[in-house]
Amino acid sequence: MKKLILAAITLTSAASVFAQGTVVFNNRIPNVATTHVYSGPAARTGNTAGDVPAGSAVYTGYTLIGTTGGMTASTTFAQLIGAPGASAAESSLLPSTTPATTFRTGAAAGNIVANTSTFANIPKDAAVASFEMVVWDNTSGLYPTWAQASTAWNNGLITAGRSAEFTLNAIGGDVNTAPNVVSSNVGEGLQSFALGVPEPTTVALAGLGAAALMIFRRRK
């Protein structure tokens, strides 16, 4: 009997590991909503007049990811990070277990290659959860995960950024169909945003200063 109970507990625990909430990670859904991701001189957020639903943000001087002269679609990575509950602390948001995706080109520049993202920390059919979209430059191939990329970003080594935090209701599971990250309602769901050019960290600046000093000494 004890063995049967232990086996049941083990099976229940194993099942709970796979009891993961899902959402549709796609920022270009015809007849629903479309947002975009840009790169430019500074981080910013908000839908433009050309987004659906339309907003008042203007991205003059910015470039859609995936366009000529902008960040390369195939080496710019995107992923959702999330946590259960509304308005969750940003520090509590964890990456989905679904690998990062990349961007599209042409008329779909600024839009990602869609996937259904699964979260180990958000229960199936959760009433509400909080999310952000994170994007980073992985041209070097050194930063395949957000954990690695966020550290590099904080050290001023790569360009990266986050969307504004947003909430979704009725997370996908056994009962609910996975919700879209974008919404046709103004102010809801994922909004367009831009990545800013990374600023050198204090360490990086110190390194530059030391290099300049060495060059100066050699010239004396």
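With respect to (1) touching a residue at least 12 places away in the same chain (Cβ under 8 Å); (2) outside any strand (DSSP E or B); (3) closer than 15 Å to SER74 by Cα, the lone exception for ALA88 is condition (3). Where residues in segment 86-96 are among the aliphatic types (A, V, I, L, M) and within 20 Å of ASN180 (Cβ to Cβ), which of them is surrounded by the fewest Cβ atoms within 10 Å (Cβ to Cβ)? Only one residue fits best here, namely ALA86. Residues of segment 56-74 being of a type in the set (Gly, Ala, Ser), in contact with a strand residue (DSSP E or B) (Cβ under 8 Å, 6 or more places away or on another chain) and either farther than 16 Å from VAL197 by Cβ or crowded, with 17+ Cβ neighbours inside 10 Å (or both), which ones? ALA57, GLY66, GLY70, ALA73, SER74, listed by residue number. If you go through segment 48-77 and keep only what is part of a loop (DSSP other than H, G, I, E, B) and touching a Pro at 6+ places or on another chain (Cβ under 8 Å), you end up with GLY61, TYR62. Note on segment 148-176: residues that are among the aliphatic types (A, V, I, L, M) and farther than 18 Å from PHE25 by Cβ total 4.
All conditions but one from (1) at positive phi; (2) modelled with pLDDT of 95 or more apply to GLY69; the one that does not is (2). For segment 127-158, a residue qualifies if it is surrounded by 21 or more Cβ atoms within 10 Å (Cβ to Cβ) and more than 26 Å from GLY46 (Cα to Cα), and exactly one does: TYR143. Conditions: (1) assigned to a loop (DSSP other than H, G, I, E, B); (2) in contact with a Ser or Thr (Cβ under 8 Å, 6 or more places away or on another chain); (3) without any contact (Cβ under 8 Å) to a residue 60 or more places away in the chain; (4) not aromatic (Phe, Trp, Tyr). GLU132 meets all but one. Number of the miss? So the condition that GLU132 fails would be (1).
Once segment 17-47 is narrowed to residues that are assigned to a strand (DSSP E or B) and aliphatic (A, V, I, L, M), the residue that is nearest to THR102 (Cα to Cα) is VAL37.
Taken over segment 96-116, residues that are farther than 16 Å from LEU168 by Cα and either at pLDDT below 95 or outside any loop (DSSP other than H, G, I, E, B) (or both) amount to 7.
Yes/no matrix, rows are residues, columns are (1) in contact (Cβ under 8 Å) with a residue 40 or more places away in the chain; (2) crowded, with 21+ Cβ neighbours inside 10 Å:
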| position | (1), (2) |
| --- | --- |
| ILE81 | yes, yes |
| PRO84 | yes, no |
| THR98 | yes, no |
| SER117 | yes, yes |
| ASN121 | no, no |
| SER163 | yes, yes |
| GLY173 | yes, no |
| ALA178 | yes, no |
| VAL181 | yes, yes |
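Number of residues in segment 161-220 that are in a strand (DSSP E or B) and modelled with pLDDT of 95 or more equals 13. Filtered by the rule that a residue be over 21 Å from ALA164 (Cβ atoms) and not β-branched (Val, Ile, Thr), segment 128-139 gives a lone residue, ASN138.
The values are calculated or read from the model by the stated rules, or taken from the named source; none is laboratory data. Note that the coordinates shown come from a computational prediction; the quantities given were computed from them, not determined experimentally. Don't worry about glycine lacking a Cβ; one is built from the backbone with ideal geometry, like all the others, and counts go over all protein chains shown.
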